[in-house]
1. Tell me whether the range 159-168 contains one or more residues that are closer than 30 Å to Lys9 by Cα and either touching a Leu at 6+ places or on another chain (Cβ under 9 Å) or at pLDDT below 80 (or both).
2. Among the residues of the range 287-314, which ones are open to solvent by 50 Å² or more (accessible area, probe 1.4 Å), within 27 Å of Ser231 (Cβ to Cβ) and modelled with pLDDT under 95?
3. Take the range 111-126 and flag every residue that is buried (at least 20 other Cβ atoms within 10 Å of the Cβ) and either farther than 22 Å from Leu17 by Cα or within 36 Å of the chain's Cα centre (by Cα) (or both).
4. From the set of residues in the range 165-179 that are within 11 Å of Ala196 (Cα to Cα) and aliphatic (A, V, I, L, M), which is most open to solvent (accessible area, probe 1.4 Å)?
5. If we keep just the residues of the range 321-360 that are among the polar types (S, T, N, Q) and surrounded by 14 or more Cβ atoms within 10 Å (Cβ to Cβ), which is modelled with the highest pLDDT?
6. Based on what the data block shows, is Tyr126 more than 21 Å from Asn25 (Cβ to Cβ) and touching a residue at least 12 places away in the same chain (Cβ under 8 Å)?
7. Identify all residues within the range 81-95 that are more than 18 Å from Lys15 (Cβ to Cβ) and part of a strand (DSSP E or B); write none if there are none.
8. Looking only at the range 254-286, how many residues end up being open to solvent by 20 Å² or more (accessible area, probe 1.4 Å), among the hydrophobic types (A, V, I, L, M, F, W, C) and either farther than 19 Å from Arg348 by Cα or touching a residue at least 60 places away in the same chain (Cβ under 8 Å) (or both)?
Amino acid sequence: MNPSSIKEKLKERIKELECLYEISNLLYQQEGPIDAILNAVGLSVQKAFHYSDDAIVELRLDDYHNITGTLPKETIFLESRLDALDGSYYGYIKVHYPKSAFTESHFLKEELVLLTEVANSVGAFYERHLNKEREAVVRKNAALVERLSILAEITAGIAHEINTPLGNILGYAELLAEKKLDDESTQDVQKIRSAAIYSREIVKKLMFFSCEMPHTSEWVEIKSTLMQVLSFVEHKFTKQSVFYRLEFEDDQLKARLDSVQFSQILFNLLLNALYVSPKNSTIVIKVTRDKHFFYIIIADEGPGIPDVIKAKVFEPFFTTKPLGEGTGLGLSVVHGIVKSHHGDILIRDNQPRGTVFTVVLPLATEL
């Protein structure tokens with residue numbers, strides 16, 4: 001055997017071992033952004049190949065995609081899949097050579113073995129990374145559930161304590177309103193009544209939030225319920241010069257749910273949409289269905305919800321309304337009711353502007 005050939009092969013094996021050692025350090029010991037680590041992996045693989053100056057490494061891993069150079073229009077390449085332990089496909093790693101100057105024979109058989117080893121290591125690393133993310137989400141959700149549980153307990157106590165004196169205030173205000181009073185006193189009594197009614201609505205929302213409201217399960221006609229809710233807020237549409245368009249896929253649609261709480265969902269979402277809607281704009285209310293679920297889509301033409309607060313809008317007491325105009329409980333109540341019905345509520349941007357809320361509810365569920 002030619003000594004120079006032996007020396008050349010030994011040199012290539014050393015490069016491959018150095019590559020594996022370097023990648024092991026990158027994947028198991030270094031901390032930092034995953035894209036920076038994977039970029040370093042690509043550069044390390046590039047150096048390990050025989051024609052490293054011409055090699056271009058391409059690494060795709062879910063949303064991450066990096067190439068160590070500019071790919072020619074035509075290339076020949078070695079490829080190895082990036083798989084999870086359960087066989088799920090994450091992506092691939094490829095090493096390219098320009099087709100104009102190279103053929104497949106320029107790849108060494110040991111280089112395919114190296115690429116497979118690297119792919120296995122990257123796949124295992126990425127799976128650990130995903131598991132850490134999942135564990136972090138589980139811990140965060142568990143902490144949130146615990147905080148909300150404590151908050152719900154406190155809220156229920158507050159609601160019960162406030163409800164009785166509020167009832168007394170409203171009752172005495174009603175008695176005063178029946179008496180002959182001067183105009184100024186009549187206005188004062190009306191202010192008391194309005195404040196008491198507003199406070200009672202807050203208590204009702206607190207009770208919804210704390211799951212103190214009883215659940216009933218019955219077959220509800222979706223269109224008639226929606227039309228009834230719209231009739232209650234019709235004057236608000238007129239007052240604000242806002243229009244609405246109702247699109248119904250199935251006029252006979254029925255679902256098994258709590259009719260009072262379903263109406264609460266509609267009221268809150270429609271009032272929210274009205275609050276942000278500019279004059280002469282249109283709120284689109286669309287109801288569709290599939291085999292197991294129905295969907296209520298409410299799209300406004302308001303300013304929209306910035307991405308930074310989209311995740312917060314369902315948190316209790318979070319509001320962007322001025323002091324005195326919102327309690328921050330409306331959407332958290334909606335979220336709680338939807339979840340108690342085993343449904344979901346989604347937010348996305350409307351086009352060209354505004355927000356779209358989509359409520360997803362099962363056609364039949366036991367509460």
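1. Initially, the range 159-168 is screened for residues closer than 30 Å to Lys9 by Cα, giving none.
Taking every residue of the range 159-168 in turn, none turns out to be closer than 30 Å to Lys9 by Cα and either touching a Leu at 6+ places or on another chain (Cβ under 9 Å) or at pLDDT below 80 (or both).
2. At the first step, the residues of the range 287-314 found to be open to solvent by 50 Å² or more (accessible area, probe 1.4 Å) are 289-293, 295, 301, 303, 306-308, 311-312.
Checking which are within 27 Å of Ser231 (Cβ to Cβ) leaves us with 289, 293, 295, 301.
Arg289, Phe293, Glu301, listed by residue number.
3. Val118, Ala119, Val122, Gly123, Phe125, Tyr126
4. It comes out as Ile169.
5. Residues of the range 321-360 that are among the polar types (S, T, N, Q), as a first pass: 327, 332, 340, 350-351, 355, 358.
In the following step, the residues that additionally are surrounded by 14 or more Cβ atoms within 10 Å (Cβ to Cβ) were identified as 327, 332, 340, 350, 355, 358.
Working: Thr327: 51, Ser332: 77, Ser340: 82, Asn350: 91, Thr355: 92, Thr358: 95.
Step by step, filter the range 321-360, then rank; the result is Thr358.
6. Working: more than 21 Å from Asn25 (Cβ to Cβ): no; touching a residue at least 12 places away in the same chain (Cβ under 8 Å): yes.
Judged against the criteria, Tyr126 is not a match.
7. Residues of the range 81-95 more than 18 Å from Lys15 (Cβ to Cβ): 81-92, 94.
Within the range 81-95, Arg81, Leu82, Asp83, Tyr89, Tyr90, Gly91, Tyr92, Lys94 qualify.
8. Here is the first cut: in the range 254-286, the residues open to solvent by 20 Å² or more (accessible area, probe 1.4 Å) are 254, 256, 259-260, 263-264, 267, 271-272, 275-276, 278-280, 282, 284, 286.
Then drop every residue that is not among the hydrophobic types (A, V, I, L, M, F, W, C), which leaves 260, 267, 271, 276, 284.
With either farther than 19 Å from Arg348 by Cα or touching a residue at least 60 places away in the same chain (Cβ under 8 Å) (or both) added as a condition, the list becomes 260, 267, 276.
Count: 3.
The values are calculated or read from the model by the stated rules, or taken from the named source; none is laboratory data. From a predicted model like this one, the values you see are computed outputs, not experimental measurements. A quick note on method: Cβ atoms are made from the backbone with ideal geometry, for glycine too, and the neighbour counts reach across all protein chains shown. With ligands, DNA and RNA removed, areas are computed over all heavy atoms of the protein, side chains included. Shrake-Rupley method; radii C 1.70, N 1.55, O 1.52, S 1.80 Å.
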